[in-house]
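The values are calculated or read from the model by the stated rules, or taken from the named source; none is laboratory data. What you see is a predicted model, and the numbers here were worked out from it, not measured in a lab. Note that we place each Cβ from the backbone using ideal geometry, even for glycine, and neighbour counts take in every protein chain shown. Only protein heavy atoms, including side chains, enter the accessible area calculation; ligands, DNA and RNA are left aside. Shrake-Rupley method; radii C 1.70, N 1.55, O 1.52, S 1.80 Å.
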Amino acid sequence: MKRAFLLIVLFVLAAMTGTYLKAADYDFKYQGLYYMIKSISIGIDYIEVSVVPERATPPYYSKGNEPTGVVTIPYKFSREVEGNTIHYVVKDIQKCTFFDCVGLTRVNISNGITSIKELAFANCKSMTQVNIPKSITQIKDSAFLECAGLNEVSVRWDTPLVINANVFENVDIKNVTLRIPEGKESVYKAAAVWKEFKIEEDMSSIVLVSSVTLDHNILDLNNVSVYKLNATVQPAHATCKTLEWKSSNEGVATVDDDGLLNIIARGTTVITASAIDGSNKSDSCTVHVHSIVANETIDGVNIWVANGQLYLTLLSPQTVDVYHMSGALFRTFSAPAGNTSLLLPEGCYIVRIANTITKIMVR
């Protein structure tokens, strides 16, 4: 309840300060798409949103703001608002969201989104492929009107979704390949509208994630305000490589949709990165935050800065890695037991010694 109350307060504050209300027709823009807030769920730490066009009336986008190329519509994502990490869930694709986006070539809709509204992709003449997940329970009239370039539609329902004939109005669907789940050809050949497509029991166009691997599974953090976890998603050609990041204890650390941790307090949290494509693949890292105060000794490792130098006190010989804040390695060296110092240029660095990681500032 405390988390939900905080979200409501943030929403009201953002509305008052204009953080959300960037325009009359949408609430915010994120990674090239526009969103409208639907609701804040009490007791649940996310805000429900719809994907919408930039403008509510034609023309739906100002010049240069139209989505182009390959677009993946996420089910979940997070972003920073007024210094706080806010989590969002995408419920639907609203009316005319991509209307007349002639530069759009391929669309991947993430599993979890439930509805495609009227004219959502109408007149996307260059769009050749669309992947529709199993979670979609509604496709409204003329959603794909005049999508003349469409040559492949991939769906995941075991039972074909009931749609009106005008969903694909003025699309030559008899020459469009419909990729369906294996063993379902007979039911699709008996389903209105879908039976008119070139049906293939071949999901090769939808490649599920086979593994998610984090670069660390255990972290011990000391005097670090932020830390970046990196995830590797396999295979490299997976259709949807978007991950959902979650922290089991946001009182200790939050995590955004890029794996960036914001350290809050001492304690332990488990950070989990999960594929959202229905493959159920994930990986986790247990993060122990020992200190958010500079120059404390953790597990016999003492790290501090003075007079432009990094100082270390170690109980045993260790390999020391010094990184720029960008993540680029600045220097690695072997330090003996006892006291060691290293002259560093002015700036901020991350020092890693085994599983102990510390952020330092050299002035």
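As a ratio to 2.2 N^0.38 Å, the alpha-carbon radius of gyration computed for region 117-243 takes the value 1.39. Calculated FRET efficiency, residue 341 to residue 25, Cβ-Cβ distance, R0 = 45 Å: about 0.15 to the nearest 0.05.
Under conditions of 25 °C and 0.890 mPa s, region 233-363 yields 147 µm² s⁻¹ as its translational diffusion coefficient, taking Rh as the Kirkwood radius over Cα pairs in the Stokes-Einstein equation. FRET efficiency for the residue 138 to residue 265 pair, using the beta carbon distance and R₀ = 30 Å, is estimated at 0.10. Over 26 Å between Cα atoms, which of 117/195; 76/134; 140/246; 38/117 qualify? Beyond 26 Å: 140/246.
Note on residue 162 and residue 226: their simple-model spin labels are 5.1 nm apart, each label 7 Å out from Cα toward Cβ. Take every DSSP beta bridge whose two residues both sit in the chain; close to 65 percent of them are antiparallel. Values of log10 I(q)/I(0) for region 63-179 across q = 0.09, 0.14, 0.22, 0.23 Å⁻¹ run -0.24, -0.57, -1.31, -1.42, by the Debye formula with one identical scatterer at each alpha carbon and no solvent.
Within the straight-line cut-off of under 12 Å between alpha carbons, the aspartates and glutamates reachable from residue 174 are 152, 196, sequence neighbours fewer than 8 places apart in one chain being disregarded.
Atom-type composition of the exposed protein surface of the chain places 51 percent of the accessible area on carbon and sulfur (1.4 angstrom probe).
Find, among the trypsin sites (Lys or Arg not before Pro) in region 88-197, those assigned to loop by DSSP (not H, G, I, E, B) with at most 16 other beta-carbon atoms within 10 angstrom. In loop regions of region 88-197 (DSSP not H, G, I, E or B), the sparsely surrounded trypsin sites (Lys or Arg not before Pro) are 125, 134. Based on alpha-carbon atoms, the Kirkwood radius and the radius of gyration of the chain give Rg/Rh equal to 1.07. With a 1.4 Å probe rolled over the protein heavy atoms of all chains, the accessible area of 266, 55, 352, 331 falls in the order 266, 331, 55, 352, largest first. For region 174-267, the extents of the C-alpha atoms along the principal axes are 62, 23, 21 Å, listed from largest to smallest.
Ignoring aspartates and glutamates fewer than eight residues from residue 29 along the same chain, the ones with Cα atoms less than 13 angstrom from its Cα are 54, 66, 80. Only lysines eight or more places from residue 359 in sequence, or on another chain, were considered; those with a Cα closer than 22 Å are 228. Accessible surface calculations at 1.4 Å, restricted to protein heavy atoms, place region 240-342 at 47 Å² per residue. Amide H to amide H distances under 5 Å link residue 254 with 262, 264, where only residues 5 or more positions off or on other chains count and H is placed in the peptide plane.
The Cβ shell under 11 Å around residue 125 holds other residues with a net charge of -2, Lys and Arg each +1, Asp and Glu each -1.
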